[in-house]
Structure formats: structure tokens, C-alpha cells
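This report concerns only the one structure given below.
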Amino acid sequence: MDLIKLTIDGREVEVSSGTTVLNAAEQVGIHIPRFCYDKELSSCGACRICVVEIEGMRNLVASCVTEAAPGMVVKTETPAVVEARKAVLELLLADHPHDCMTCDKLGDCRLADYCYRYGVKSSPFEGARHNYPLDDSNPFIVRDMNKCILCGLCVRACNEVVGKDNLHFAYRGFDRKATTCGDVPYVESDCTFCGTCVAFCPTGALMEGSMLGTARRWELEKVRTTCPFCGTGCTFDLRVHDGRVVGVTTSEDAVVNGRALCIKGRFGWDFIYNEKRLTTPLIKKNGEFVPATWDEALDLVATRLAEIRDKYGPDAFAALSSARCTNEENYLMQKFTRAVMGTNNVDHCART
Ligand code: SF4
Ligand code: SF4
Ligand code: SF4
Ligand code: FES
């Protein structure tokens, strides 16, 4: 792989050819602001918050779509760059509710973070503002399009990460909107409620419904865990407030799934508080389920299985396992079937 050398903010950087200026800067710890760029998605160079100055170029350039070149001299934080970024932020605030005081996303919102970084408090631009109704048509994802900055990350995440293609840009000019086909509420669209769009959204436009009104983002403890629903082994963070789980968020360092999950992993966690959840084994006695200890339950199952094997022979028993179990569970199932029950009658739902 060809290596090239360039200078960023006075530091010499060596990167492989084809690396963008934004990523080259990242490699030496210089964080260039970004809204529409995400390393897991294709780049569109639309928002211009990532502009930088490059010696010999007349205009500021978008660093997320500009390839580093040998000998390039890049400056990421000059007065012209700062002025341009402030202008981008002011334009965004011209049609954005100044709602940070009560917005659940504060603390995890790139718009608020960059406004803070560049001291942008309000917009000098006056004019029409949108007043979209809140889409809380489902219990999982709450959409507030008034807080959308049209970065398009949700559109590309749904298309490129999930492969669902449920989101697109609709309308033109001031009315441009990142939305579902036909601009219908999520619940009427083809959405599978995987929540991946929420994980990529840099503002409070897309939020996990369960977390609204619980606490500020920085007050929610993160507990890294593995999804209990299937054997794929997706990793996520349980968000906990006052000892109670209030939601799930994902992050790019999850090896198996990155920020993607399915609806069960992201929104199905509330079963842990379901009153109907079984907390102890039940044994049927005289037609009624009666609570039992684990020892009683396991003894009963072992005795009955041994009776069947001894009376009707090992082949009277068969085990069907599942691709949704872990490898270890599947291993144990076949081991038990062969070594304890004495039969090779073991099969798996993924075989056919
Ligand atoms: S989305 Fe961000 S900038 Fe907008 S109100 Fe919420 S915290 Fe503030
Ligand atoms: S929840 Fe999943 S399927 Fe629905 S719009 Fe978002 S990314 Fe697409
Ligand atoms: S909803 Fe969020 S991710 Fe989608 S375009 Fe708007 S701000 Fe970007
Ligand atoms: S992050 Fe580079 S143009 Fe949007």
C-alpha cells in the first residue's frame, strides 16, 4: 500500500493513499467536526461543517471527501475555518428549536456540542420555521423532525447497514425532509424498528422512546452486555438510571454488530420487568403448575428421560436444537443426546 506524507496543523502525518484529510487528522488525534460523515457509511460531503484550509487551494474544502495528497499542508482551525463552521451552525439553528434545556439528547448531541465549541448561541437568520408534529406513533422510536439537520445518516444507515431502504429524502428546498416512503409515520412504513437510524442520528431528531424523560444522557450508566435473545452475540450497552434499565444504546466498538441491532435486542429488554416472567421452575401436579426448586425440576426431568430411554430404547429420544442458541449450548445438546441418551437423533433447524 502506498504511503504519503502531509502536514496537518504543523504535524507531519503519514497515511496510506486514498485516506481522506478528515481521517488523516483523526489518526493524529485531531478531531474535525462532522455531521454527514460517518466512517461506517458512504460519504456525501453535504453539511460542510468539516471544512479545512489547504495551502494552494482557493476555497475551503470538505475534509471528509477530500483525499490527502503528498506534501499537502492542511490547517483545521484557522479564522476562516471557524467562521465557516459558525455560519453552518447559524444556518442550522435558523430552523431548529432552541430546546436544549429540555431536550433528552443534550450531552450526546453533535449540534449542541459544536455550538458550544464555537460559541454559537443563536441564529442571525430570521424567516419561516418548520413545526412538524412529533411522530410517536410507536413505543420504540420517537421522531422530532424539527430537530433534524438533514445530515442523511439515518437514510444511509437504513440503506447501507440494515439493507432495509426505508428512509429517503423527500421534498425540495426548505421543505427537504429525511423520511419514510410517502412521508408516513414510522409505524405505517416498512420499518422493522431495529433502531439503527437512531444509533446514527447526531441530534435529538430520532430518540429511543423508553429513555425520554428519564435522565440526562450523562446520568445514564452504561453497562456493556451481550444480547440474551439469540446466539449471534450482539453487544450493547444497557442504560441504567437509579438501578433500573431504561434503554439500550449501541456503539461502533461492538465487534459483532457495531451500532446495528434488531428490534428484540434494542427494544425487547423490557421483558426483565414483566410481572408474568417465570422466576422459578414449575412442576405440574394434579393438573396445576406448582413452584419447585431447581433440584426438584432437574431431578424430575432426568428421571423421566432415563425412564423413556430404558423402557423404549435410546432412539425413542430425539433432540432438535437451534441456530439461535450459542455454539456452547448446541455443543452441550448434541453431547447430552449422544453420551447420555445414547442416540444420534440430533438435528438442527439450520440444516435444511
Ligand atoms: S437536538 Fe441537540 S441542539 Fe437540538 S435541542 Fe436537542 S440537544 Fe439541543
Ligand atoms: S428502525 Fe431500522 S428499519 Fe426502521 S427506519 Fe430505522 S434503520 Fe430503517
Ligand atoms: S433524522 Fe437524524 S440522522 Fe436523519 S437526517 Fe435528521 S439529523 Fe440526520
Ligand atoms: S462531515 Fe464533511 S461535509 Fe459533512
TODO: Output the number of residues of the range 13-58 satisfying the condition of being in contact with a Lys or Arg (Cβ under 6 Å, 6 or more places away or on another chain) and acidic (Asp, Glu).
DONE: 2
Task: Residues within the range 239-259 that are assigned to a loop (DSSP other than H, G, I, E, B), charged (D, E, K, R) and either touching a Gly at 6+ places or on another chain (Cβ under 6 Å) or surrounded by 12 or more Cβ atoms within 10 Å (Cβ to Cβ) (or both), tallied - done: 2
Task: Yes/no for ASN146 being more than 16 Å from ligand 4 (Cβ to nearest atom) and surrounded by 12 or more Cβ atoms within 10 Å (Cβ to Cβ) - done: yes
Open item on the list: Looking at the range 138-151 only, could you name the residues that are at pLDDT below 95 and within 12 Å of ligand 2 (Cβ to nearest atom)?
Closed with: ASN138
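Results for (1) under 24 Å from TYR114 (Cα atoms); (2) in a helix (DSSP H, G or I); (3) free of Cβ contacts under 8 Å to residues at least 24 places away in the same chain; (4) hydrophobic (A, V, I, L, M, F, W, C), shown as yes or no for each residue.
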| position | (1), (2), (3), (4) |
| --- | --- |
| GLU26 | yes, yes, yes, no |
| PRO33 | yes, no, no, no |
| CYS36 | yes, no, no, yes |
| GLU40 | yes, no, no, no |
| SER43 | yes, no, yes, no |
| GLY56 | no, no, yes, no |
- [ ] Considering (1) of a type in the set (Gly, Ala, Ser); (2) assigned to a helix (DSSP H, G or I); (3) within 17 Å of the chain's Cα centre (by Cα); (4) not assigned by TED's automatic domain parsing to the domain that holds VAL198, say which one GLY107 fails and leave the rest.
- [x] (2)
Open item on the list: Of everything in the range 308-332, what is within 22 Å of CYS234 (Cβ to Cβ) and outside any loop (DSSP other than H, G, I, E, B)? Give them in sequence order.
Closed with: SER321, ASN327, GLU328, GLU329, ASN330, TYR331, LEU332
Task: Among the residues listed as VAL88, VAL81, VAL74, the single one being more than 24 Å from ASP253 (Cα to Cα), assigned to a strand (DSSP E or B), touching a residue at least 24 places away in the same chain (Cβ under 8 Å) and aliphatic (A, V, I, L, M) - done: VAL74
- [ ] Considering every residue within the range 58-65, establish whether at least one is of a type outside the set (Lys, Arg), under 24 Å from LEU206 (Cα atoms), within 15 Å of ligand 3 (Cβ to nearest atom) and not assigned by TED's automatic domain parsing to the domain that holds THR7.
- [x] no
Task: Residue match in the range 325-335 (condition: in contact with a Cys (Cβ under 6 Å, 6 or more places away or on another chain), free of Cβ contacts under 8 Å to residues at least 40 places away in the same chain, of a type outside the set (Phe, Trp, Tyr) and on the phi < 0 side of the Ramachandran plot) - done: no
Open item on the list: Out of the strands (runs of 3 or more DSSP E) lying entirely within the range 154-238, which hold 3 or more residues that are more than 10 Å from ligand 2 (Cβ to nearest atom)?
Closed with: 167-170, 221-226
Task: Selection within the range 102-136 - under 22 Å from HIS31 (Cα atoms) and touching a Pro at 6+ places or on another chain (Cβ under 6 Å) - done: ARG110, TYR114
- [ ] Given the conditions (1) within 13 Å of ligand 3 (Cβ to nearest atom); (2) not assigned by TED's automatic domain parsing to the domain that holds GLU252, report the number of the one that ASN166 does not fulfil.
- [x] (2)
Open item on the list: I'm trying to understand the selection: among the residues of the range 110-147, which are assigned to a loop (DSSP other than H, G, I, E, B), within 21 Å of CYS191 (Cα to Cα), more than 11 Å from ligand 1 (Cβ to nearest atom) and not aromatic (Phe, Trp, Tyr)?
Closed with: PRO133, LEU134, ASP136, SER137, ASN138, PRO139
Open item on the list: Can you tell me how many residues within the range 180-214 are in contact (Cβ under 8 Å) with a residue 12 or more places away in the chain and closer than 19 Å to LYS147 by Cα?
Closed with: 23
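The values are calculated or read from the model by the stated rules, or taken from the named source; none is laboratory data. Just so you know, these numbers come straight off a predicted model, no measurement behind them. All Cβ positions, glycine included, derive from the backbone under ideal geometry; neighbour counts span all protein chains shown.
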